[in-house]
1. Using a simple spin-label model with points 7 Å from Cα along the Cα→Cβ vector, what separation in nm is obtained for residue 13 and residue 83?
2. Within 10 Å of each residue's Cβ, count the other Cβ atoms and sort 62, 35, 57 from fewest upward.
3. Give, in nm to one decimal, the length gained when the segment between residue 35 and residue 60 is fully stretched (0.36 nm per residue of separation minus the Cα-Cα distance).
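Bear in mind that the values in this text are calculations on the coordinates, not laboratory data. All figures in this text were calculated on a predicted structure; none of them were measured in a lab. Glycine also receives a Cβ, built like all others from the backbone with ideal geometry; neighbour counts cover every protein chain displayed.
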Amino acid sequence: MFGSKAAIRKYHQTLPLALSKRYGRAKQYTQGQVDTTIQVLNLNKRYALYAYILYCDIDELDPQLFNDNDIEEMKASITSALDGGLFAASIDSVFMSADSNEVGSGDGGSGGGE
């Protein structure tokens, strides 16, 4: 579980903004979009199922990836890794949180005009 916690945190920190920049802001992304972004960011693919739960529509994924028990256990692991009730909040909150991390983190530029 140790490696998965680190991967979950990394996915949560990096994927929302990267997915949004690559594919536009959306509530959910496809498995292919998540896979591509994980690869581009050089994140650990071993725990990609957690990223799918965070950022994909579970009903659109290949049902052979996991069963209902796996999903519930993985949701509990995600909640534990992120130290809070991630799944008590809506998925919109995850994206709002990612967007709020972007605010104020700009380059401090002058706005480009005179």
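1. Placing both labels 7 Å beyond Cα along the Cβ direction yields 1.2 nm.
2. With the sparsest Cβ surroundings first, the list reads 62, 57, 35.
3. Values: separation 25, 0.36 × 25 = 9.00 nm, distance 1.45 nm.
Roughly 7.6 nm would be gained on extension.
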